[in-house]
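Just below is one structure, and these are the notes that go with it.
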Amino acid sequence: MLALAPDASSSRAAQGVSAPARWEVVGLDGDVLWGLCRGSGRLPYQACVDLTEPAYRCSCPSRKFPCKHALGLMLMWATGSVPDAAAPDWVEEWRASRAARAARTPATPAAPRGSADPEAARKRAEQRADRIAAGLDELDRWLTDQVTHGLAGAERSGYGPYEAVAARLVDAQAPGAANAVRRLGRIAGVGQHWPDRLLGELAQLRLLVAAYARVDELPAPLAATVRSRVGIPVPTDEVLAGQRVRDRWYVLGQVDLADERLATRRTLLHGEESGRFALLLTFAPIGQAFSVEAVPGTIVDADLCWYPGNFPMRALVAERYGTSQPEGPPAGAISVAAALAGWSAAVAAEPWCESVPMLLGGVTLSDDRHVVDLAGDALPLSAGHDEPWWLLAASGGRPVTLAGEYGPGGFRPLAAWPNGRFVPAPLGPTGDRRGPQLPPDLLSAALVGTERRPYAGGAVGGVLLDGKGPAGLLEGASVALVYARAGVTPVPDRQPIEQAPEETSPQVPVAAAHRLARLLSDGGVPGGTEVALGLLDDWLAHAADLGYRVPPELLPALLDAGRRRIAMRPALASTGAAARAGSRPAEPSGATC
């Protein structure tokens, strides 16, 4: 929910008004949240949120949108603290006014692309195609030059040569290819196996160039993939004119990425009935908030339309019908073997595929950085996510449904459902420690250069490749890379960690858990870190007195706070002792944590 905040101060302020004590009354009427929040004036502020868009209204004087009261109301709803209740008149008036505005705004059908002057549109398309073809021809020569002269010196050349090539591709209106070249500059000289990764990326770029050269001969879905990878956009109206799939879409999780120019949010959905995955992309300038289409852990009833491609994944929300809170994990979770079969199919359909979503059922952690299913099949965890203390704490070592993304670097968890509860994974960057994927003879020839060590072809997976010279080497490397990625199999015979004993003491109420999460978050409490730590000591002491245990998913952050603050450790020990003993003194009337 805090992703909707226009800035960091609004996020902190929203957490300050998310306690039920700050509100005179709150309710949920269909898809509309509403409430009266006590403020500094004589009358409470009237706040309401339409969850289908979302849209907001508040009577406070704030110029920020959404304001802290609307955000705080959604935070309470996310914790289950908002009961169903009929909306008062002022909410119905807001609903009616929005409906009236929508009725007054006629839907203007988009004109067909280029319909104003078809001949001019045709000429512009031809000119762009010529520029792209010329830019990719130049890229092809540059790629073969790299393996002709050898990759050994790439780590000394710096980022400049790649940026220069990328800039020329931008001028040629091929931004997708330009981004791929920029990635090369972040690989060269970085990590133990950078030559293997660099040659693989060069080979994949050469495959894209070769595919675009005969794009008119390819099947339509594959041709759409090639154009997309080059960077030719598909108009939104064309996407929305395609087939719609209505479903209840479980929002599995989000990943935020950023470069020097733009921030990107990747939101993964899974259809309850269709079993289909979808990827929503939103963009924002660096430093600005994303517009929010879906909140992780919720279900969105909507029509989706997919961008064309041989393995379509990116989608647009065509029409939204409502948002709801799920009552358990998403349906359709599968085994590790079945999920890897899906990955192989994705790579076969789209050789440039970098990751696929997975929804794994009945998986636990092993003690060697893997997730393992009930059959003993395992997937390695990606670097940066291979010590998932949050998952170990939340699950207690018991099998759970786990959502994430898998790629050549391993599996990145996004969320888990221990006992049916949605628990998101902590945010953080993903590293890459993959081993070599290409045959040594290809790699050694590319490092030295084909002008010193001519390449005369070879066999990959029993298939003889007769290509020669730098182009043949790049072709062979591309085939070998796709073969290695598509042929990955589960890691066998991994043993899950031992399960923790069953808990006997009760968990703190939802509202108290929400307050603890705020105390443990950065900037979650007005007054700074010292105030938060003092309140945390009081919270722990009160929880221990009442015999409550801490929500398991918060244990890693809580123990980390205890590691940094010695004075907190007795309270931590008391809470742990109360939880292990399972004793719970009689609760005083009105007592809360």
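The values are calculated or read from the model by the stated rules, or taken from the named source; none is laboratory data. Quick caveat: nothing in here was measured; it's all calculated off a predicted structure. When we count neighbours, we look across all protein chains shown, and the Cβ atoms used for this are built from the backbone with ideal geometry, even at glycine. Keep in mind that these areas ignore ligands, DNA and RNA; they rest on the heavy atoms of the full protein, side chains included. Shrake-Rupley method; radii C 1.70, N 1.55, O 1.52, S 1.80 Å.
Brief remarks follow.
- Sparse packing (at most 14 other Cβ atoms within 10 Å of the Cβ) combined with a DSSP loop state is found for the following trypsin sites (Lys or Arg not before Pro) in the stretch 39-103: Arg42, Arg63.
- Taking the Cα centre of the stretch 336-424 as origin and assigning +1 to Lys and Arg Cβ atoms and -1 to Asp and Glu Cβ atoms, the resulting dipole is close to 300 debye.
- Between the stretch 252-297 and the stretch 539-567, the alpha-carbon centres lie 32 Å apart.
- Selection from Pro506, Leu516, Leu546 lying farthest towards where the dipole of the chain points positive, charges on Cβ: Leu516
- Of the GluC sites (Glu not before Pro) in the stretch 383-479, the ones in a loop by DSSP (not H, G, I, E or B) with at most 13 other beta carbons within 10 Å are Glu451.
- Surface composition of the stretch 246-326: carbon and sulfur make up 49 percent of the accessible area, probe 1.4 Å.
- Taking every DSSP bridge with both residues inside the chain, close to 95 percent are antiparallel.
- Average accessible surface area per residue within the chain, 1.4 Å rolling probe, Å²: 48
- Accessible area of Trp539 (1.4 Å probe, protein heavy atoms only, ligands and nucleic acids ignored): about 10 Å².
- Relative contact order (%) - criterion: Cα under 8 Å, at least six apart; region: the stretch 355-472: 20
- Under 5 Å from the amide H of Asp29 lie the amide H atoms of Trp34, Ala85, each residue being 5 or more positions distant or on a separate chain, with H modelled from the backbone and absent for Pro and chain starts.
- For Leu151, solvent-accessible area (1.4 Å; no DNA, RNA or ligand), Å²: 10
- Given charges at Cβ of Lys, Arg, Asp, Glu: the stretch 336-424 dipole, positive-most of Ala345, Phe411, Gly362: Gly362
- The angle separating the long axis of helix 118-149 from the principal Cα axis of greatest extent in the chain is about 80 degrees.
- Label-to-label distance, nm, for residues given as Trp90 and Arg128 (7 Å Cα→Cβ offset): 4.9
- Expected 222 nm ellipticity per residue - DSSP helices of 4 or more, -39500 (n - 2.57), all of the chain, to 500: -12500 deg cm²/dmol
- Whole-percent carbon and sulfur share, accessible surface of the stretch 127-230, 1.4 Å: 50
- When +1 charges are put on Lys and Arg Cβ atoms and -1 charges on Asp and Glu Cβ atoms, the dipole computed for the chain relative to its Cα centre reaches about 1060 debye.
- Dipole orientation for the chain: of the candidates Gly275, Trp194, Val292, Val292 has the Cα lying most toward the positive pole (charges on Cβ; Lys, Arg +1; Asp, Glu -1).
- Label corresponding to volume of the Cα convex hull per residue in Å³ when calculated from the structure given, among (i) 374; (ii) 168; (iii) 182: (iii)
- Computed on the Cα trace of the stretch 338-382, the radius of gyration divided by the Kirkwood hydrodynamic radius gives Rg/Rh = 1.02.
- Computed accessible area, Tyr455, all protein chains, 1.4 angstrom probe, square angstrom: 20
- Neighbour-limited loop hits for GluC sites (Glu not before Pro), the stretch 246-347 (at most 14 other Cβ within 10 Å; DSSP other than H, G, I, E, B): Glu260, Glu273, Glu327
- Helix 89-104 and the longest principal axis of the C-alpha atoms of the chain enclose an angle of approximately 30°.
- Distance between the C-alpha centres of the stretch 383-397 and the stretch 466-523: 10 Å, rounded to the whole angstrom.
- Sites Trp389 and Leu257 - FRET efficiency at Förster radius 22 Å, r taken between beta-carbons, to 0.05: 0.40
- Spacing of the two label points (7 Å from each Cα toward its C-beta) at Asp29 and Asp367, in nm: 5.8
- Electrostatic dipole magnitude of the stretch 2-103 [Cβ: Lys, Arg +1; Asp, Glu -1; Cα centre; debye, to 20]: 520
- Under 13 Å from Lys64, Cα to Cα: aspartates and glutamates that are on another chain or at least 8 residues apart: Asp7
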